[in-house]
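Data first, discussion second: the structure below is written as structure tokens.
The values are calculated or read from the model by the stated rules, or taken from the named source; none is laboratory data. Predicted, not measured: the structure shown is a model, and the values here were computed from it. Here the Cβ is made from the backbone with ideal geometry for all residues, glycine too, and neighbour counts use every protein chain on show.
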Amino acid sequence: MQPLEMSAVDLVAALRQGDITAVQCTTVFLDRIEATNGTINAFLTVDREGSLVRAADIDARRKAGKPLGALAGLPVALKDVLCTNDMPTTCASKMLKGFRPPYDADVVARLRQADAVFVGKTNMDEFAMGGSNENSAFGPVRNPWDLSRAPGGSSGGSAACVAADMAPVAIGSDTGGSIRQPAGLCGITGLKPTYGRVSRRGLVAFASSLDQIGPMARSAADCALIMETIAGHDPGDSTSLSVDVPRYTDLLDKPLSGVRIGRVPEHYAEGLDPEVAKGVEEAFAVLKAAGATVHDVQLPHAKYGIPTYYLIAPCEASSNLARYDGAHYGHRAEPGGHAKKAGGFESPLVEMYCRSRAEGFGPEVKRRIMLGTYALSAGYYDAYYAKALRVRRLIRQDYLDAFQSVDLVGGPVSATPAFKLGEKTDDPLAMYLVDLYTVGTNLAGVGGISFPCGFTKSGLPIGFQLQAPPLAEPLLLQAADRFQRLTDWHRRRPKAAGEVKA
Ligand code: GLN
């Protein structure tokens, strides 16, 4: 089998056995990136030189019989929201163009320690705000299954690069669905762990009470492998959980007999594409055939998920993004000399702040900052932010109640398959509604996984989502892995990307 088609688990084994060197492996993926990135635009930075130096070092250490990390030689792509001390970190924003962090994010440090090879940084919606990757300041990503369609977002580059065989594994972040939704729309597997399972240190903050980092790969087994490296307590993130990391890969191969999966009847409402509904029902049938039982459950407050999320996330964002003012961080505008003019700025300093932010941020980020600032302002705080926090508790309680009677909750990831580029860009509300099925997981702080469960007649992937109680990642991975042992949707490769020429 060619390295491009191999799973991360098999690649690591082949590297360990010496069937392939790290330099060979890295080169294959770098060449693939070079041939396809012009079309897909999944990478903002490609580190050919650095990754080959690292790969050569790993090969040398292996040859010398020195101990190597668990992922030695495995190419990994990193969403450009993760701080890397050897590559720029832009969050796909003009605000951070050229920014080189002085340190590695905790997950990056762990992956480095495990001897993974970083091939580059992936495109995304600016500051992870969006669901289509069209909010990137550096151009949209194209969906490898149909180049006229969006890959989803905000981890669109991470999803597309795995779908198009540009990397076997990518790391994404998920605040309201940004790992699971693009994974679903690109036909790959993505895990959003329980809040606190993976350290957020060095993840550029969007909405700190919702943000979580996770793996994106072709299969649940590959996600399990990566989780063993990236999960774990970090004293540098006060919300990181001090809980042992299970050997996720050892816990995969278990039957699903006795596992109770919840099905939410309200998911099948108006707006759900009939082909998606059919794919999801067929996924339930596969899980049943594997021994699970399916039960209807209620999430009565799920309908408030979108308004709740779109208050809390912008509120936190407006605070987190205050640091990009041209002085502390980010793009600094040239002095304009408008300060003293009538109707101008109060002072040259205020002018510098305002112009830097006006020039550095794109329209969606500005919209979120304004929404959040408004909802947090005196007089509106109780009516919007405080109320949203109360509804969030109810949403979390719904999940905890549901998990009294079932072990997992299943359903669609997105109401439709991948939509056309440009289709929703003029209608922010339509774009926000894309997150209907994913925001609840983040508001509740629980874990969720998405994986392909079929294809539409026109050849677009359909995603299935499972959600689990806090820290039940082993069960999420086990159920998805069992599904993938019984189906081959996750093995399909997009033709569009395959045909892309340099
Ligand atoms: N689409 C959602 C948003 O725009 C989720 C983003 C995310 O998870 N980072 O906020």
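Of the conditions (1) more than 12 Å from Thr45 (Cα to Cα); (2) in contact with a strand residue (DSSP E or B) (Cβ under 6 Å, 6 or more places away or on another chain); (3) of a type in the set (Gly, Ala, Ser), Ser93 fails just one. Which one is it?
The number of the failed condition is (2).
Does Gly184 satisfy the criteria of being surrounded by 24 or more Cβ atoms within 10 Å (Cβ to Cβ), modelled with pLDDT of 95 or more, within 16 Å of the ligand (Cβ to nearest atom) and within 22 Å of Gly447 (Cβ to Cβ)?
yes
Suppose we keep only residues that are of a type outside the set (Asp, Glu) and within 9 Å of the ligand (Cβ to nearest atom) within region 187-211. Which one would you say is surrounded by the most Cβ atoms within 10 Å (Cβ to Cβ)?
So the residue we want is Lys192.
How many residues does region 92-114 contain that are surrounded by fewer than 24 Cβ atoms within 10 Å (Cβ to Cβ) and farther than 22 Å from His328 by Cβ?
5
Cβ-Cβ below 7 Å, separation at least six or inter-chain, first residue in region 71-94 and touching a residue at least 12 places away in the same chain (Cβ under 8 Å) and of a type in the set (Val, Ile, Thr), second part of a loop (DSSP other than H, G, I, E, B) and surrounded by fewer than 24 Cβ atoms within 10 Å (Cβ to Cβ): which pairs?
From residues that are touching a residue at least 12 places away in the same chain (Cβ under 8 Å) and of a type in the set (Val, Ile, Thr), the pairs are Thr84/Pro101; Thr84/Asp104; Thr89/Cys83; Thr89/Phe99; Thr89/Pro101; Thr90/Lys97; Thr90/Phe99.
Can you find even one residue in region 240-247 that is surrounded by 16 or more Cβ atoms within 10 Å (Cβ to Cβ), part of a helix (DSSP H, G or I) and in contact with a strand residue (DSSP E or B) (Cβ under 9 Å, 6 or more places away or on another chain)?
No: zero hits.
Residue check: is Pro144 more than 13 Å from the ligand (Cβ to nearest atom), modelled with pLDDT of 95 or more and within 8 Å of the chain's Cα centre (by Cα)?
Details: more than 13 Å from the ligand (Cβ to nearest atom): yes; modelled with pLDDT of 95 or more: yes; within 8 Å of the chain's Cα centre (by Cα): no.
Spelling it out, it is not the case that Pro144 is more than 13 Å from the ligand (Cβ to nearest atom), modelled with pLDDT of 95 or more and within 8 Å of the chain's Cα centre (by Cα).
When residues of region 416-453 are filtered for being assigned to a helix (DSSP H, G or I) and either modelled with pLDDT under 95 or more than 13 Å from the ligand (Cβ to nearest atom) (or both), how many remain?
Selection size over region 416-453: 7.
Any chance region 331-343 includes a residue that's at pLDDT 95 or above, assigned to a loop (DSSP other than H, G, I, E, B) and of a type in the set (D, E, K, R)?
Yes.
For region 118-140, give me each residue that is among the polar types (S, T, N, Q) and either within 13 Å of the ligand (Cβ to nearest atom) or surrounded by fewer than 24 Cβ atoms within 10 Å (Cβ to Cβ) (or both). If you could, list the steps in order and put the result at the bottom.
As a first pass, look at region 118-140 and keep what is among the polar types (S, T, N, Q): 122-123, 132-133, 135-136.
Listed by number, the residues that qualify are Ser132, Asn133, Asn135, Ser136.
Which of the residues belonging to region 170-204 are assigned to a helix (DSSP H, G or I) and over 19 Å from Arg492 (Cα atoms)?
none
Are any residues in region 147-169 part of a loop (DSSP other than H, G, I, E, B), more than 16 Å from the ligand (Cβ to nearest atom) and not acidic (Asp, Glu), and if so, which ones?
Taking region 147-169 first, the residues part of a loop (DSSP other than H, G, I, E, B) are 147-148, 150-155, 164-168.
Filter again for more than 16 Å from the ligand (Cβ to nearest atom), leaving 147-148, 164-168.
Residues satisfying the conditions are Leu147, Ser148, Ala164, Met166, Ala167, Pro168.
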